[in-house]
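Heads up, the thing below is written out as structure tokens.
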Amino acid sequence: MVPKEVIQPVLDKLRERLKPDFYEAWCRNLKIERQGEAAFRISVPNPFYRDFLERGLGGTLAEVLAELGIANPTVKFVVDAEATEPAPPHPTQKPVSSAKKPAASPPMVPLGLETPGPVRKFDLEDKPAISSAPPGTSPIGYAEGNFARLPFSLVSDKGIKTAREILIDQTVRSKEGSVQRVWRVTPGASGMPGPFDHSVFRALEKYALDTTIRKGLPLQNPIFFHLKTLIEILKLYYNSKNVGCVSQALKRLQEISIDDLGLYQQKNERRKGVTRKMHLLETVKAAGEVMTGGAVSGTHAVYFSQEYVDSVNARYVRPLDWELWLSLDRPIARRLVEILDTDFYGLKNGPHVAYGYAELCQLIPVKPQKFLSMAMKVLDRAHQELEEKKYLKCRWDLGSKGFPRVLYIPGERWFGFQQALGHAGSPSDEAKNLARELGELDRASFYQQILDRAPEYVNEALKDLRALALGGRTPTNPAAWFIGSLKQILVEKGKDLFPLR
């Protein structure tokens with residue numbers, strides 16, 4: 001075994017480099033053995049832990065040993081049946097008892113939602129009483145990119161029983177001609193999902209991603225959960241009424257069918273003109289039902305669609321300000337946060353994000369209004385709520401041809417959330433110079449993040465690009481070349497450019 005005076009500095013340096021949850025779950029009880037001057041052996045309980053730690057920890061551990069004066073260290077992870085499996089970190093807080101004072105901001109409720117008016121509030125005895133996050137959750141959430149942007153539920157309960165579809169039908173014109181893109185959601189026997197069903201999916205997604213990829217584990221079917229957990233994530237009372245509403249919401253979500261032509265994006269995959277037919281949830285098993293293989297589940301279990309699982313594991317996920325999202329009363333405001341979060345992050349063509357009114361109606365989705373005054377009446381209540389939360393500022397623009405647009409500018413709350421994620425504020429001169437060299441001066445803030453996360457590898461990633469430029473063979477897209485080269489270098493080092501926090 002490595003002497004204690006060697007083990008502790010290693011663990012201390014790992015604690016400094018890694019996120020606390022990851023360190024507590026995977027590193028605190030590492031069993032390290034020294035087999036030579038610079039050779040180290042780490043015992044793991046099974047092949048899964050070996051493969052995971054080799055990818056996620058091998059490079060970092062080798063760097064730590066080198067910093068401690070061990071020249072050219074080699075680290076080998078070996079399966080040992082006697083090794084103890086790491087336990088996930090225990091929650092530090094428990095949900096507040098329902099007897100305590102209700103939270104100040106009541107959440108959305110299962111029934112009686114109206115648009116464009118606010119969500120109907122609970123009666124006094126139904127108000128939530130949970131002020132702390134339940135186990136497995138965090139104030140920062142993550143949402144899969146496609147189902148954050150593309151709609152799969154209504155923003156009003158009025159159409160749950162009557163709506164036949166949610167439809168996006170776009171014709172995109174380019175040099176190659178016109179391309180049609182379609183997204184169609186059709187309901188099952190229980191009806192189209194509504195605002196409460198949407199919030200149940202967000203709670204389920206939050207629990208699933210908090211307990212898998214946030215801890216460095218891949219998302220794998222099935223995900224086991226208690227209905228009580230989802231209810232607590234939504235800060236509702238755990239009672240028979242809410243149990244029934246959540247169960248019905250899961251049923252509606254499972255029953256919807258989705259047809260896609262060109263709008264669903266799969267990371268690292270280019271498929272033009274391919275039609276997808278998929279579900280959001282493939283199967284939901286209640287406690288006591290027989291699972292695949294004949295076992296009986298002691299809790300609820302959900303199987304996400306394979307498209308969703310593949311997308312999440314490819315890291316096509318987006319940060320979501322969960323505390324803000326949950327505090328919003330209006331379903332339209334919640335949808336705007338989901339849609340705009342990514343657009344604000346990639347803002348590079350000006351000080352605002354602009355949406356044509358017709359396109360925005362499809363994405364939310366709401367019925368387009370014939371008159372501008374009615375259109376403003378439907379959306380401006382949600383705009384006002386988001387402005388009061390300091391998430392955005394917005395204004396209407398009729399444009400030169402009279403087609404109404406809505407211009408959105410990120411607010412203080414959004415910038416504060418980016419800082420909580422570790423994103424930089426004002427870009428440095430070095431970041432501006434890097435952006436200028438890559439032909440993207442208006443993305444200096446993005447390159448500031450690159451410099452903050454991987455400063456020691458930037459010049460290495462630029463080396464080949466600069467050599468090509470000297471030879472007069474500059475790539476068509478230098479920025480994409482640089483990012484691809486940098487990611488490849490980091491993969492070889494066992495690191496991730498944008499790890500989940």
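Some values worked out for this structure:
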| quantity | calculated |
| --- | --- |
| Residue within the stretch 269-280 that is under 30 Å from residue 378 (Cα atoms), at pLDDT below 85 and open to solvent by less than 60 Å² (accessible area, probe 1.4 Å) present | no |
| Residue within the stretch 327-348 that is buried (at least 16 other Cβ atoms within 10 Å of the Cβ) and more than 30 Å from residue 203 (Cβ to Cβ) present | no |
| Hits in the stretch 419-437 (condition: in a helix (DSSP H, G or I) and open to solvent by 20 Å² or more (accessible area, probe 1.4 Å)) | 419, 420, 429, 430, 432, 433, 436, 437 |
| Pairs with Cβ under 8 Å, 6+ apart, first in the stretch 468-492 and assigned to a helix (DSSP H, G or I), second of a type in the set (S, T, N, Q) | 468/474 |
| Residue selected from the stretch 10-37 under the condition at pLDDT below 75 and of a type in the set (A, V, I, L, M), by the criterion least open to solvent (accessible area, probe 1.4 Å) | 25 |
| Any hit, the stretch 202-215, residues being at pLDDT 95 or above and β-branched (Val, Ile, Thr) | no |
| In the stretch 438-492, residue surrounded by the most Cβ atoms within 10 Å (Cβ to Cβ) [restricted to those that are of a type in the set (Ser, Thr, Tyr) and in contact with a helix residue (DSSP H, G or I) (Cβ under 8 Å, 6 or more places away or on another chain)] | 447 |
| Residues located in the stretch 154-170, provided they are of a type in the set (A, V, I, L, M, F, W, C) and part of a strand (DSSP E or B) | 166, 167, 168 |
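The values are calculated or read from the model by the stated rules, or taken from the named source; none is laboratory data. Owing to the predicted nature of the structure, the values given are computational and were not obtained by experimental measurement. Glycine also receives a Cβ, built like all others from the backbone with ideal geometry; neighbour counts cover every protein chain displayed. Calculation scope for accessible area: heavy atoms of the full protein, side chains included, ligands and nucleic acids excluded. Shrake-Rupley method; radii C 1.70, N 1.55, O 1.52, S 1.80 Å.
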